[in-house]
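The values are calculated or read from the model by the stated rules, or taken from the named source; none is laboratory data. Not measured: the values here are computed from a predicted model. Cβ sites come from the backbone with ideal geometry, for glycine too, and all protein chains shown count toward neighbours. In case anyone asks, the SASA skips ligands and DNA or RNA and just uses the protein heavy atoms, side chains included. Shrake-Rupley method; radii C 1.70, N 1.55, O 1.52, S 1.80 Å.
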Amino acid sequence: MGGFHGRNDGLRYRRARRLRSNDRGIVSVVGTLLALLVFFALFGIFLTQYLPLWMTENETAFTAQAQQSAAELKSNIDFQVAARSPPVLATPFVMNSQGVPVLAQPTSAILSFVPHLPGVFANVSTSVGPGNGGPFHQNFSLGTLQVSLPNRYFNPQTFEVENDAVIQSQIETNQILLYPPSLQVSVVGNNTNLTLVMVQFYGNATQAVASGSEEVFTHFLSEQNYTVGGTGPTFSVTFAIGTHYRCSWATFLQKALPKGGLKLNTGYTIAPVLANYCGVTNGAAQDLVVTFPHVNTLTLVVAAIGVVVGVGVE
């Protein structure tokens, strides 16, 4: 007879195996590595996706602030010219965009004032002078105030105030005259009346790169008025400007003059031809000549404005 065999003869029991200390260390390292991988993945998405969007919004707001300041500066100057007002007016310019703490530095603006810039001028000549005298001729050297925004995420922008106009430019072939000068054309019947306001800047050449904001102070210095015609036959008026932004000036004049009642070729001409207005100039100033062949009355106002960038008034 076979003997009785206990359960231990047919089955072997396995005892639970406890993790040793080196096994627990491996699990901790793997967990840490996985956490780091998740962190770097999220951080990479933040750097490549969210950070550019954040800075684009900051620089877009920065550009809007610069545009608003340039418009306010022109408004202050127009008020001073119209009122012949000696009080000083201040226009603040924000010089830095908002940044992203630790990750992205703010974008800084460059504010430049040049009272006499080579190639930037205005010239007005008429075939009949004041009092129906001989030919009349006036040449004006115009200063400029420029705000350059070297944006890194939004398109770089430049705002320039010249000859009572505000011009916005991204590249040489992408520019617009945002706020027009005081140029008025009135055609009533057969009478053509023309009003031109020239604004000259005076002061010390200044360039500012600062944090926070920078004040631009303007004050009225003097004004000269000329009236030509009013009686007698019509006469011709030639208005020539030298500028780094001929494209914007030509585009503005092509739209503004017909609204005043003038027709191209009969009421006015522009040289050079339209096809040559916009193009790469490599930073060189260019001339634009507008001729009005039949004018009954010309009113020319030449205003001198003192400009100070920073603290203090001349």
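For Gln65, state whether it is open to solvent by 60 Å² or more (accessible area, probe 1.4 Å), part of a helix (DSSP H, G or I), modelled with pLDDT of 85 or more and polar (S, T, N, Q). Don't jump to the end; show me each part of the working.
Values: open to solvent by 60 Å² or more (accessible area, probe 1.4 Å): yes; part of a helix (DSSP H, G or I): yes; modelled with pLDDT of 85 or more: yes; polar (S, T, N, Q): yes.
So Gln65 passes the test.
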Can you tell me how many residues in region 228-238 are at pLDDT 90 or above and open to solvent by 30 Å² or more (accessible area, probe 1.4 Å)? 3
Taking region 142-171 only, how many residues are among the β-branched types (Val, Ile, Thr) and free of Cβ contacts under 8 Å to residues at least 60 places away in the same chain? 3
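A quick yes/no check of all residues on (1) more than 26 Å from Ala82 (Cβ to Cβ); (2) modelled with pLDDT of 90 or more; (3) part of a loop (DSSP other than H, G, I, E, B); (4) open to solvent by less than 30 Å² (accessible area, probe 1.4 Å):
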{"position": "Asn225", "(1), (2), (3), (4)": "no, yes, no, no"}
{"position": "Ala240", "(1), (2), (3), (4)": "no, yes, no, yes"}
{"position": "Cys247", "(1), (2), (3), (4)": "yes, no, no, yes"}
{"position": "Leu253", "(1), (2), (3), (4)": "no, yes, no, yes"}
{"position": "Thr269", "(1), (2), (3), (4)": "yes, yes, no, no"}
{"position": "Thr281", "(1), (2), (3), (4)": "yes, no, yes, yes"}
{"position": "Val289", "(1), (2), (3), (4)": "yes, yes, no, no"}
{"position": "His294", "(1), (2), (3), (4)": "yes, yes, no, no"}
For region 84-114 the number of residues that are surrounded by fewer than 17 Cβ atoms within 10 Å (Cβ to Cβ), at pLDDT 95 or above and assigned to a loop (DSSP other than H, G, I, E, B) is 0
Against the conditions (1) out of contact with any Gly (no Cβ under 8 Å at 6 or more places or on another chain); (2) polar (S, T, N, Q); (3) over 27 Å from Pro135 (Cα atoms), where does Ser236 fall short? Just the number, please. (3)
Among the residues of region 255-267 satisfying the criterion of being buried (at least 16 other Cβ atoms within 10 Å of the Cβ) and modelled with pLDDT of 90 or more, which is farthest from Thr192 (Cα to Cα)? Ala256
When (1) surrounded by fewer than 15 Cβ atoms within 10 Å (Cβ to Cβ); (2) more than 25 Å from Val199 (Cα to Cα); (3) touching a residue at least 40 places away in the same chain (Cβ under 8 Å) are applied to Pro118, the one that fails is (2)
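What do you reckon, is Gly129 open to solvent by less than 20 Å² (accessible area, probe 1.4 Å), small (Gly, Ala, Ser) and in contact (Cβ under 8 Å) with a residue 60 or more places away in the chain?
Numbers: open to solvent by less than 20 Å² (accessible area, probe 1.4 Å): yes; small (Gly, Ala, Ser): yes; in contact (Cβ under 8 Å) with a residue 60 or more places away in the chain: yes.
Yes: the conditions hold for Gly129.
Of everything in region 154-183 that's among the charged types (D, E, K, R) and part of a loop (DSSP other than H, G, I, E, B), which residue is modelled with the lowest pLDDT?
Within region 154-183, the first condition is being among the charged types (D, E, K, R), and the residues that meet it are 160, 162, 164, 172.
After this cut, where a residue has to be part of a loop (DSSP other than H, G, I, E, B) as well, the list is 164, 172.
Values: Asp164: 92, Glu172: 69.
Result: Glu172.
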With respect to the numbered conditions (1) touching a helix residue (DSSP H, G or I) at 6+ places or on another chain (Cβ under 9 Å); (2) part of a helix (DSSP H, G or I), which one is the sole condition not fulfilled by Val81? (1)
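Across region 49-59, which residue is modelled with the lowest pLDDT among those that are more than 17 Å from Phe93 (Cβ to Cβ) and open to solvent by less than 90 Å² (accessible area, probe 1.4 Å)? Spell out how you get there, then give the answer.
Our first condition is that a residue be more than 17 Å from Phe93 (Cβ to Cβ); within region 49-59, this holds for 49-57.
Imposing the further condition that a residue be open to solvent by less than 90 Å² (accessible area, probe 1.4 Å) reduces the set to 51-52, 54-56.
Values: Leu51: 80, Pro52: 85, Trp54: 87, Met55: 89, Thr56: 90.
Only one residue fits best here, namely Leu51.
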Quick check on region 138-153: of everything there that is open to solvent by 60 Å² or more (accessible area, probe 1.4 Å) and part of a loop (DSSP other than H, G, I, E, B), which residue is nearest to Ile305 (Cα to Cα)? Pro150
Looking for something out of contact with any Leu (no Cβ under 9 Å at 6 or more places or on another chain), within 30 Å of Thr266 (Cα to Cα) and modelled with pLDDT under 95 - is there at least one such residue anywhere in region 192-208? no
